[in-house]
Structures are given as structure tokens and as C-alpha cells.
Amino acid sequence: MEQEQQGNGKKWAMGCCGGLILFMLLLGGGGYYGANWAKDTAATAMREGIAKTLEDSELSEEQSTSINAEMERLESALQSWGLIETVKHMGNLEHVQTEMGTIGFHAILLSYGQYVLPHTAMPEEERQAGRRIIQRFARGVDEGTLSLNQNDKAWKLDGKSKNGEPVEFDVEEVRSHLAQLKAQVDAAEIPDEAYEVDLANKLRTIVDTLLAE
């Protein structure tokens, strides 16, 4: 059975960005009360989905706690609004398209360290070097010197599992992709040092904008 790494990685993007767009679709169909129920239910599902993903995340406890707090704030606001008010606030998202796109990029990068590297048969030293490459690439994204092409087939690594065994990614395929990423971060002169993405602050910016009158 094949499982795509990108499918797992997009949990972040769906929860932080795509999930918000879902509300627009929900509001467009069904009766008033049905749409209102769907809105409230989706808000809770989005918050719970992000919380579940964070349990297995490599983010720091501080980041995870802050992200959960922002999702709770978002859930509370969405459930307190009527449908018309919700549509009005959704219009605010046009002001944070860049931030939403950046979170989507970091979702894929984080998933690489969370889903791909731990399930690739390589020495731990090499795995840690791969994590550093991903951290450097994330820094380049934040600094605006690097961008991530989500349509690049190299990001769609296939993990294979047989008879219920843990998913494993092809080691040579992963090594080849990491080499490409390293070439990009080296060319962009990104420092070879640890870097943690401040996803909580990026999400806070989006939530603040969404909640603004």
C-alpha cells in the first residue's frame, strides 16, 4: 500500500489555512440552521485536528501550547458569530494571503522531519543532518530568500508499507532530495545552525486579522 508523505504533511496546511476556506463552502449551501451547525462543528474539528497533529510534532512545547491557544481563540470566535458576521470576517483573509501561504510551506517542511526522516533507513547522524537542512530551508522561507514549489514532484515522496509494517521511504530518493535542498540553502548562504519556525506568531497574525472588525 502506498501512502504519500505530502498527504500527511498537509494536515498543517489544511488545519491552519485550508480549514478556514472550508467555512465559505459550508456557508454557501444548506439552510440557515444547518449551515450554522456545520460552521460550529467544523470549527471544533479544525481545532481538535491541529491539537492531535501537535501531539506528534517536533515543535517545542511552547510553540504547541501557543498554537493550541490560538486555535481555541479562533474556534470560540467562529462559534460566537452568526453566518453573516462569519462571511464578513472571512473577507479579512485577503489581507494575510502571504502569511497563509507561508504556513502552508512550513507545513510541508515540518512534515518532512516528522514523517519522512524517521521512516527512512539511514544512520541517525545522516538523519540529523537532514533535519538541519530542513531547518535552514525554513529559515530561508522566512527570510524571503527561498521558496517552496509544492508542485515539485520531489516533495511527493511515496512511503511504502507491506503487511502492516511501518511506512518506509526510499533512502536514495530521500538522499537525492536532501542534496537538492542543501544546494539551495548553500547557494542562498543560509547559516548552518538550528532554527525553529515561529508558527504560533504566524498563526496569531492570521487569527488577529480574521477577528478584526
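The values are calculated or read from the model by the stated rules, or taken from the named source; none is laboratory data. Not measured: the values here are computed from a predicted model. When we count neighbours, we look across all protein chains shown, and the Cβ atoms used for this are built from the backbone with ideal geometry, even at glycine.
Worth pointing out:
Residues are listed down the side, and each one gets a yes or a no for (1) of a type in the set (Phe, Trp, Tyr); (2) in contact with a Phe, Trp or Tyr (Cβ under 8 Å, 6 or more places away or on another chain); (3) buried (at least 20 other Cβ atoms within 10 Å of the Cβ); (4) modelled with pLDDT of 85 or more:
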residue: 47; (1), (2), (3), (4): no, no, yes, yes
residue: 60; (1), (2), (3), (4): no, no, no, yes
residue: 68; (1), (2), (3), (4): no, no, no, yes
residue: 72; (1), (2), (3), (4): no, no, no, yes
residue: 80; (1), (2), (3), (4): no, no, no, yes
residue: 87; (1), (2), (3), (4): no, no, no, no
residue: 99; (1), (2), (3), (4): no, no, no, yes
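- When residue 166 is tested against (1) modelled with pLDDT of 90 or more; (2) exposed (fewer than 11 other Cβ atoms within 10 Å of the Cβ), exactly one condition is not met: (1).
- In region 185-213, residue modelled with the lowest pLDDT [restricted to those that are assigned to a loop (DSSP other than H, G, I, E, B), within 17 Å of residue 144 (Cβ to Cβ) and of a type in the set (A, V, I, L, M)]: 197
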